[in-house]
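Presented below is the structure to which this report refers.
The values are calculated or read from the model by the stated rules, or taken from the named source; none is laboratory data. From a predicted model like this one, the values you see are computed outputs, not experimental measurements. All Cβ positions, glycine included, derive from the backbone under ideal geometry; neighbour counts span all protein chains shown. Just the protein is used for accessible areas: all its heavy atoms, side chains included, with ligands, DNA and RNA removed. Shrake-Rupley method; radii C 1.70, N 1.55, O 1.52, S 1.80 Å.
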Amino acid sequence: MDEGPAVILRYESGNLSIPIDTSQIEVIDPDNSTANVTPIVAILLDDQRTGILLENGWKITTASKKTDEHDPNLAYVDVEFEKEGLSFFIKVDETANRTLEGHSGAKLWVTDRISGPRPEDYHQWKRFDENSSMIYTIFDHKTDRTVMIYNKTMIFYLYPSYATIDIEGLND
């Protein structure tokens, strides 16, 4: 990455303006490739998930260049958003100028018998919706609350202010 003055990009929504200092984003450099953070963040700013996360206090912390495990010709940048020890990642295809799938860093956990001891901080579990799409729910054990409900392309719920679905009884 070129050394130079910090580039500050802004997420804008109504009267809200959140600065993003690209020099504060750690570039993880596997295999001597680099992620050019400024255009990556510019692409992210067009993704609804980025707005939801930034508006709720999440910070962009790292960008890591990766190759798809199923398609070695597909390179992307995995961008990490972090808040209170929980990470959410959005993949960015810089060549196609678009965002791809999102995923959480929370451990996938079902029960002690299947997954081992329950994580002390966060865990996620998955289920299928009526369209056979995978839906993930992240649970925070410190506060005994659902933190997020998402699929690979959308955040449906982010505690406390982004409920677009009714989650009453979801964890019953």
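Some values worked out for this structure:
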quantity	calculated
Surface per residue (accessible, 1.4 Å probe) for the stretch 1-132, Å²	60
All-pairs alpha carbon distance profile, the chain, 5 Å steps from 0, percent	1, 8, 16, 19, 19, 16, 11, 7, 2, 1, 0
Neighbour-limited loop hits for GluC sites (Glu not before Pro), the stretch 82-125 (at most 16 other Cβ within 10 Å; DSSP other than H, G, I, E, B)	84, 94, 120
Size of electric dipole in the chain: Cβ of Lys, Arg +1 and of Asp, Glu -1, about Cα centre, debye, nearest 20	300
Two-site FRET efficiency, residue 132 against residue 59, from Cβ-Cβ distance with R₀ of 35 Å, rounded to 0.05	0.55
Gain in span if fully extended, residue 24 to residue 103, counting 0.36 nm per residue against the direct Cα distance	26.3 nm
Cβ-Cβ FRET estimate between residue 113 and residue 74, R0 fixed at 35 Å, reported to 0.05	0.45
With every protein chain in place, the stretch 115-162: carbon and sulfur % of accessible area (1.4 Å)	49
Where trypsin sites (Lys or Arg not before Pro) in DSSP loops with at most 16 other Cβ within 10 Å are excluded, longest remaining stretch of the chain	1-141
Net lengthening on full extension, residue 159/residue 15 (0.36 nm per residue, minus Cα-Cα)	49.7 nm
